[in-house]
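Dropping the structure in here first, questions after.
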Amino acid sequence: MHTITCYLDFASPYAWLAFAQLPHALEGMSYQVRYRPVLLGALLQHHGNPGPAGIAPKRAWTYRHATWLGQHLGVALQMPARHPFSPLPLLRLALQCSRVGDDGQADINRFVAETIFRHVWEGGHEALAPARLDALHASLAPQIRCELDAAKQRLRTNTDAAAALGVFGVPSFAAQERVYWGLDSLPMLRADLLGAADGGATLDASTWQALASVAQGLPG
């Protein structure tokens, strides 16, 4: 059975789309997924990336593209009334529902992740409206396993470990000591998990490593 770590932040429309598509992308395979919340803003800052929200035309394109993809893939997606927004209340609530694994990092189950994703991406509402947050908290109350302060630390631990692994955005998927980024990486993830012997179009280990060492062609 394959083990996949799915790094997510609820503020990302692509993370929601990839979360919804993952079971279809891996249909027929034996796998388990560890859903691991991280703070996208901290990852972007760590790698010196302003993100799409920092470039006005890219921000508009992101919203148009994600909305079209939702329609194309049959995934309910309406932009929330305000975006971007701080996902910290949502990430911390998710991690109050988490379990810490042998690696010291905290994962949530698919039900918790889907509940929060739907809160953000269905209906076009304010993701952080106090009454809606209260209702979300109440709906997840039976899942809560730790206090808020512990959840805050779990988020820091998850995010720091993800950055150290080379995760620079969400959604990202870690499997077999490789990291895959984005909704459009799902076919590549599937192919690598299947392996060349089963018809997967994979990059061998030497090519995978060599591509990280292509010489920079611009002046530093």
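The values are calculated or read from the model by the stated rules, or taken from the named source; none is laboratory data. Because the structure is predicted, anything quoted here is derived from the model rather than measured. In this analysis, Cβ positions are derived from the backbone assuming ideal geometry, glycine residues included, and neighbour counts consider all displayed protein chains. Remember, those area values only see protein heavy atoms, side chains included, never the ligands or the DNA or RNA. Shrake-Rupley method; radii C 1.70, N 1.55, O 1.52, S 1.80 Å.
Please work out whether the range 1-142 counts as rounded, prolate or oblate from its C-alpha gyration tensor, where a ≥ b ≥ c are the square roots of the eigenvalues and a/c under 1.5 means rounded, while otherwise a/b larger than b/c means prolate and anything else oblate? Please list the in-between numbers first.
Details: a/c = 1.34, a/b = 1.20, b/c = 1.12.
Judged from the Cα gyration tensor, the range 1-142 comes out rounded (a/c under 1.5).
Assign one of three labels to the range 32-87, namely rounded, prolate or oblate, based on the Cα gyration tensor with a ≥ b ≥ c the square roots of its eigenvalues; rounded applies when a/c is under 1.5, prolate when it is not and a/b is larger than b/c, and oblate otherwise. It would help to have the intermediate numbers written out before the result.
On the way: a/c = 1.96, a/b = 1.14, b/c = 1.72.
Oblate shape, in that a/c is at least 1.5 and b/c is the bigger or equal ratio.
For Ser213 and Gln45, what does the FRET efficiency come to when R0 = 41 Å and r is the distance between their Cβ atoms, rounded to the nearest 0.05? Could you put the intermediate results ahead of the total?
Details: r = 25 Å, r/R0 = 0.62.
FRET efficiency, Ser213 to Gln45: 0.95.
If the chain between Gln78 and Ala164 were fully stretched, how many nm would it gain, using 0.36 nm times the residue separation less the Cα-Cα distance?
Roughly 27.7 nm would be gained on extension.
Using helices alone, I'd like the mean residue ellipticity at 222 nm for the chain: each DSSP H run of four-plus residues gives -39500 (n - 2.57), total over residue count, nearest 500.
On the way: 9 runs with 103 residues, N = 220.
Mean residue ellipticity, 222 nm, calculated: -14500 deg cm²/dmol.
What longest range of the chain stays clear of loop-exposed GluC sites (Glu not before Pro) (DSSP non-H/G/I/E/B, at most 11 other C-beta within 10 angstrom)? Intermediate values should be presented prior to the final figure.
Details: sites that count: Glu27, Glu147, Glu177.
For GluC sites (Glu not before Pro) (loop position, at most 11 other Cβ atoms within 10 Å), the longest site-free span of the chain is 28-146.
Give me the net charge of Ala76's neighbourhood, meaning all other residues with Cβ under 10 Å from the Cβ of Ala76; Lys, Arg count +1, Asp, Glu -1.
Numbers: positive: Arg118; negative: Glu122.
Spelling it out: positives minus negatives among the neighbours equals 0.
With a Förster radius of 25 Å, plug the Cβ-Cβ distance of Cys146 and His24 into 1/(1 + (r/R0)^6) and report the FRET value to the nearest 0.05.
0.20
Assuming R0 = 41 Å, what is the FRET efficiency of Gln71 and Val100, from their Cβ-Cβ distance, to the nearest 0.05?
0.60
I've got another one for you. How large is the accessible surface per residue of the chain, computed with a 1.4 Å probe and reported in Å² as a whole number? Spell out each step's value before the answer.
Details: 11510 Å² over 220 residues.
Heavy-atom accessible area per residue stands at 52 Å².
Separation between the Arg156 and Ala205 pseudo-spin-labels, each 7 Å from Cα along Cα→Cβ, expressed in nm?
Those two pseudo-labels are separated by 3.7 nm.
Mind telling me which of Ala129, Ala18, Ala141 comes out most flexible in a GNM of the chain, alpha-carbon contacts under 10 Å?
Looking only at Ala129, Ala18, Ala141, the largest GNM fluctuation is found for Ala129.
Roughly how many debye, to the nearest 20, is the charge dipole of the range 74-202 about its Cα centre, given +1 on each Lys and Arg Cβ, -1 on each Asp and Glu Cβ, and no other charges? Write down the numbers at each step before the final one.
Working: 12 positive and 14 negative charges, 62 e Å.
About 300 debye.
Using only Cα atoms, locate the centre of the range 127-157 and the centre of the range 94-108, then give the distance between them in Å, rounded to an integer.
13 Å
While we're here: Given Cα pairs under 8 Å that are at least 6 residues apart, what percent is the relative contact order of the range 102-220?
That works out to 13 percent.
Also, quick follow-up: Could you compute the net charge surrounding Arg92? Neighbours are other residues with a C-beta less than 9 Å from the C-beta of Arg92; K and R count +1, D and E count -1. Can you show the working numbers first?
On the way: positive: Lys152, Arg154; negative: none.
That sum, taken over residues with Cβ under 9 Å, equals +2.
Shape verdict for the range 1-76, please, from the Cα gyration tensor: rounded (a/c under 1.5), prolate (a/b greater than b/c) or oblate.
It is oblate, given that a/c is not under 1.5 and a/b is not larger than b/c.
Just want to confirm a number: the relative contact order over the chain, from Cα pairs under 8 angstrom separated by 6+ residues, in percent. Intermediate values should be presented prior to the final figure.
Values: 291 pairs, mean separation 62.4, N = 220.
So the answer I get is 28 percent.
Along the positive direction of the dipole of the chain (beta-carbon charges: Lys, Arg +1; Asp, Glu -1; about the Cα centre), which of Ala141, Pro80, Ala20 reaches farthest?
Going by the charge dipole, the pick is Pro80.
Taking the Cα centroid of the range 176-197 and of the range 26-52, what is the distance between the two, rounded to the nearest whole Å?
Spelled out, the Cα-based centre of one part sits 14 Å from the other.
Test of understanding: extend the Cα→C-beta vector of Phe85 to 7 Å, then name every residue of the range 132-175 with backbone N under 15 Å from that spot.
Those under the cut-off are 132-137.
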